[in-house]
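The next block holds one structure in the form of structure tokens; read it before the comments.
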Amino acid sequence: MSIKSSRCSCSESASRRNFLGTSLGVAAAAVVGTAATSEVAFAGSLSKAQRDKMTPDQILALMKKGNKRFASGRRQDHNYLRQQRDSAKGQYPAAVLLSCIDSRAPAETIMDLRIGDVFNSRVAGNISNSDILGSMEFACKIAGAKVVLVMGHTACGAIKGAIDNAELGNLTGLLAKIKPAVEATQYAGERSAANYAFVDAVARKNVELTMAAIRRDSPVLAGMESSGAIKVAGSMYNLETGVVDFFA
Ligand SMILES: [Zn+2]
């Protein structure tokens, strides 16, 4: 932090003027002067001051906006090298995400996020365990993130595996953590992995149960949520439409 504060305040305010695509400082644009417009508009990473003044709901709103940009093909022209350089001495992410390893659901891309915007924990079926909870506790209590977002997705292979009682090495134990969601899902039609509507219903229930597990198994995070310091939120990403459906 001391290193950052010693840097030129002009370049810092300019390079960090956007968070998740939303301009936070109109005056900063004028300071930039000769820099190329695209580099200025989408450069930099999130500053501590910008992150700290936002509420959990405002952070969620900006992630929703980012997904709208992605899904409509209007994502930002990211200057990743600028973001990398800007965040190298320190990080102030606004949220910690828990999402599936599925190659088609990269959270930063589908919510049009920048380097340094969020912590991201990925595991097949986006279940929690003590290591993931420890990571989330670090993210929120130590590093200052204000949102814990669990994100499931449609057509999830881990969910299908849990429905089918698939068995393979260590995967068996992982799928066992998803099976309570299979059992808890209320569904009148065919309860099989071949029925995508059922698979997606289980995936949604699995997100809800993961949110409940986070609150149950992490007194640290539950306490922070009770005091309003953080918000635990859920969402589902639709592989077909590119849209993230936030539960609230
Ligand atoms: Zn998946």
> In the stretch 150-248, what is the volume of the convex hull around the alpha carbon atoms, normalised per residue and reported in Å³?
Replying inline: 112 Å³
>> Per-residue counts of other Cβ atoms within 10 Å, averaged by peptide: what ranking do you get for 130-136, 223-229, highest first?
In response: 130-136, 223-229
> Sorting 122, 74 by accessible area (1.4 Å probe), largest first, what list results?
Replying inline: 74, 122
> What aspartates and glutamates could a cross-link reach from residue 146, if we take a straight Cα to Cα line under 12 Å and drop same-chain neighbours fewer than 8 places away?
Replying inline: 52, 57, 117, 137, 225
> So, by mean Cβ neighbours within 10 angstrom, what's the order for 162-175, 49-62, 193-206 with the highest one leading?
Replying inline: 193-206, 49-62, 162-175
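Of 65/205; 64/205; 48/177; 48/160, which pairs sit farther than 31 Å apart, going by alpha carbon to alpha carbon? Please report the intermediate quantities before stating the final value.
Numbers: 65/205 24 Å; 64/205 21 Å; 48/177 36 Å; 48/160 41 Å.
As for pairs spanning more than 31 Å Cα to Cα, those are 48/177; 48/160.
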> In Å, what Rg and Dmax follow from the Cα atoms of the stretch 163-221?
Replying inline: 12.8, 40
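The values are calculated or read from the model by the stated rules, or taken from the named source; none is laboratory data. On a predicted model such as this, the values are computed, not experimentally measured, just so you know. Using ideal geometry, Cβ is built from the backbone for each residue, glycine included, and neighbour counts are taken over all protein chains shown. Surface areas here come from the heavy atoms of the whole protein model, side chains and all, with no ligands, DNA or RNA. Shrake-Rupley method; radii C 1.70, N 1.55, O 1.52, S 1.80 Å.
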